[in-house]
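Everything below concerns the one structure shown next.
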Amino acid sequence: MDTKKHWDRVYTTKSADAVSWFQAHADQSLRLIRDTGVATSAPIIDVGGGASTLVDDLLHSGYSALTVLDLSAAAIAAAQRRLGSRAREVKWLEADITTVALPVHFYDVWHDRAVFHFLTSPEQRSAYVQAAIYAVKPGGHVIVATFAEDGPTRCSGLPVVRYRPDQLHAQFGQPFELLKHEKEEHRTPFGTVQKFVYCYCRKASS
């Protein structure tokens, strides 16, 4: 399956607020980013941010060095239309996080809600972790949310990998210190509940 074509098809056949992972406001993600204590000028990347409303809330909160990366051009276009003129304040990257070339030790915060659990092969997960190691500053922050161990087994017709907090952190390993983990019961636009786990880590300073 061509994953890019899959996600472009999703975002060209459905509105952004009609997919199961839609959040009117990404409150938990926004709170965790604020809790890192980074300056509003600190570089932040939202991996798989696509059509997510997190970028709206970050801009509204005064964050000014934002990058949104997504595989789907259609998802990025949906966010840009929603933001209007403010879309020019954001750096948009249409790319695969397992192959993209990111700047070295650049980001203070790496955020991902619901990309990592789609990486079903060890090679994909290793490439993702290496990208985070390469792109996050020493002492920087990594916030990753996936389906929890009692979450869905598939999403958007694709298989996923579910995680307990310790299992999710183990994927990232020694370069990252787990500072906290949280659960989320996400209510979808269809009234069902998806259970997520969030892990918040700090990259080693050296």
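The values are calculated or read from the model by the stated rules, or taken from the named source; none is laboratory data. Here the structure is a predicted model, which means the values were calculated and not measured. Ideal geometry is used to build each Cβ from the backbone, glycine not excepted, and the neighbour counts take in all protein chains shown.
Below are the figures for this structure:
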read-out: Out of Ala127, Ala87, Ala145, sole residue that is within 14 Å of the chain's Cα centre (by Cα), small (Gly, Ala, Ser) and modelled with pLDDT of 95 or more; value: Ala145
read-out: Subset of the stretch 143-157 that is among the small types (Gly, Ala, Ser) and assigned to a strand (DSSP E or B) - its residue that is surrounded by the most Cβ atoms within 10 Å (Cβ to Cβ); value: Ala145
read-out: Gly49 buried (at least 19 other Cβ atoms within 10 Å of the Cβ) and either touching a strand residue (DSSP E or B) at 6+ places or on another chain (Cβ under 8 Å) or not in a loop (DSSP other than H, G, I, E, B) (or both); value: yes
read-out: Leading residue by the ranking (farthest from Phe118 (Cα to Cα)) among those in the stretch 78-92 that are crowded, with 19+ Cβ neighbours inside 10 Å and without any contact (Cβ under 8 Å) to a residue 60 or more places away in the chain; value: Val90
read-out: Residue within the stretch 104-126 that is of a type in the set (S, T, N, Q) and in a strand (DSSP E or B) present; value: no
read-out: Test: residue in the stretch 136-148 that is touching a helix residue (DSSP H, G or I) at 6+ places or on another chain (Cβ under 8 Å), more than 23 Å from Val19 (Cα to Cα) and of a type in the set (S, T, N, Q); value: no
read-out: Residue under evaluation Glu184, criteria (1) acidic (Asp, Glu); (2) crowded, with 17+ Cβ neighbours inside 10 Å; (3) farther than 13 Å from Phe147 by Cα, criterion not met; value: (3)
read-out: Boolean, Thr146 is among the polar types (S, T, N, Q) and touching a Cys at 6+ places or on another chain (Cβ under 9 Å); value: yes
read-out: From the options Thr67, Thr40, residue that is over 26 Å from Val193 (Cα atoms), touching a strand residue (DSSP E or B) at 6+ places or on another chain (Cβ under 9 Å) and either without any contact (Cβ under 8 Å) to a residue 60 or more places away in the chain or among the polar types (S, T, N, Q) (or both); value: Thr67
read-out: Given (1) closer than 26 Å to Ser64 by Cβ; (2) in contact with a Cys (Cβ under 6 Å, 6 or more places away or on another chain); (3) aliphatic (A, V, I, L, M), index of the condition Val104 fails; value: (2)
read-out: Options Phe106, Phe118, Phe22; residue that is on the phi < 0 side of the Ramachandran plot, crowded, with 19+ Cβ neighbours inside 10 Å and aromatic (Phe, Trp, Tyr); value: Phe118
read-out: Pair list, Cβ < 9 Å and 6+ apart or interchain, from the stretch 160-175 residues that are farther than 14 Å from Arg125 by Cβ to residues that are of a type in the set (Val, Ile, Thr) and exposed (fewer than 13 other Cβ atoms within 10 Å of the Cβ); value: none
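A quick yes/no check of all residues on (1) of a type in the set (S, T, N, Q); (2) closer than 21 Å to Lys137 by Cβ; (3) in contact with a His (Cβ under 8 Å, 6 or more places away or on another chain):
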{"position": "Val10", "(1), (2), (3)": "no, no, no"}
{"position": "Ala26", "(1), (2), (3)": "no, no, no"}
{"position": "Ala42", "(1), (2), (3)": "no, yes, no"}
{"position": "Asp46", "(1), (2), (3)": "no, yes, yes"}
{"position": "Ala51", "(1), (2), (3)": "no, no, no"}
{"position": "Gly62", "(1), (2), (3)": "no, yes, no"}
{"position": "Ala77", "(1), (2), (3)": "no, no, no"}
{"position": "Ala87", "(1), (2), (3)": "no, no, no"}
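Residue-by-condition table, conditions (1) in a helix (DSSP H, G or I); (2) surrounded by 20 or more Cβ atoms within 10 Å (Cβ to Cβ):
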residue	(1), (2)
Thr12	yes, no
Asp17	yes, no
Ile33	yes, yes
Gly37	no, no
Thr40	no, no
Ile45	no, yes
Leu59	yes, no
Gly62	no, no
